[in-house]
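Remarks on the structure that follows.
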Amino acid sequence: MLTGDALRMAVGTLTALPTPAPRVIDRRVAAGAMLLAPLAAVPLAVLAGVVVLGGDALRLPAIAVAGLTVGAVGLASRGLHLDGLADTADGLGASFDRTRALDIMRRGDSGPTGVATLVLVLIVQCGSLAGAIGAGRGVTAAVVGTLLSRWVLALCCTRGVPPARPEGLGATVAGSVRLPWTVLTCGVAAGLTTLAPGLPWWRGPVAVAAAFLAAGVVVWRCTARLGGITGDVLGACVEFAAAASWLALAP
């Protein structure tokens with residue numbers, strides 16, 4: 001499951017890093033890619049930490065540093081998750097017809113609901129990360145939040161979560177991760193964050209709980225409304241999880 005193809009799929013999907021295409025993509029490879037998402041996100045987390053360090057060195061305002069950090073991570077992931085967030089919001093804000101909602105999500109443009117949701121989530125991300133920077137734990141918060149926002153993908157693709165469409169990324173990864181692996185990866189995240197420098201031992205696990213809860217709510221709502229998840233829904237989960245984890249690390 002945790003193969004080279006799985007890592008290549010994770011890196012190629014979640015980042016803009018040049019990566020050879022997987023030789024094969026099946027359910028086992030998809031499951032491995034979702035479990036390896038935090039590892040694939042390490043370059044993004046390093047980038048986030050470096051931007052915060054640079055902003056601190058230049059004595060830039062905390063909100064400006066937060067904006068640069070969020071923007072850098074967004075660019076380094078090709079804006080994929082931001083686009084997914086906007087498309088998901090547009091779909092959920094459409095009529096109660098499931099087919100029409102999925103058709104709206106498939107389009108390349110963003111409507112007022114998607115734009116408003118995107119702006120509001122980015123405001124929360126930047127404001128909460130700025131709070132952590134102002135409290136002197138900006139680097140840790142930037143790294144932890146970036147990793148946790150991708151860590152939740154195993155939960156989003158746990159066995160029992162259906163795809164909203166019979167094709168696309170969502171159909172490939174939905175329900176591919178067995179529950180024991182989800183529980184294990186959540187436990188690993190909680191355990192490792194107790195060691196996060198500059199944080200009380202309990203603050204990291206609280207951020208883990210906040211990120212997984214936020215992603216779980218998005219999956220629940222989209223499953224009830226759309227019949228399952230799509231690649232766009234996974235992007236929305238990433239962005240909401242980032243906002244939730246940074247909120248938990250801000251005070």
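See the values below:
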quantity: Volume per residue of the C-alpha convex hull in region 1-148, rounded to whole Å³; calculated: 124
quantity: Mean residue ellipticity (222 nm) of the chain, computed from DSSP H runs ≥ 4 via -39,500 (n - 2.57), nearest 500; calculated: -23000 deg cm²/dmol
quantity: Segments 42-54, 109-121 sorted - mean Cβ within 10 Å per residue, highest first; calculated: 42-54, 109-121
quantity: Residues with amide H under 5 Å from that of I229, placed H, sequence gap 5 or more; calculated: A164
quantity: Per DSSP, loop trypsin sites (Lys or Arg not before Pro) in region 72-112 with at most 12 further Cβ within 10 Å; calculated: R107
quantity: Cβ-Cβ FRET estimate between A224 and L53, R0 fixed at 35 Å, reported to 0.05; calculated: 0.25
quantity: Among T185, T146, T99, residue whose mean-square fluctuation peaks in a GNM of the chain (springs only between Cα atoms under 10 Å); calculated: T99
quantity: In region 93-189, chymotrypsin sites (Phe, Trp or Tyr not before Pro) in a DSSP loop with at most 13 other beta-carbon atoms within 10 Å; calculated: F96
quantity: At least 30 Å along the helix axis (C-alpha) and Kyte average at least 0.0, DSSP helices within the chain; calculated: 112-134, 203-226
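All of the numbers you see were taken from the coordinates with simple rules; none came from a lab. This is a predicted model, so every value here is computed, not measured. Using ideal geometry, Cβ is built from the backbone for each residue, glycine included, and neighbour counts are taken over all protein chains shown.
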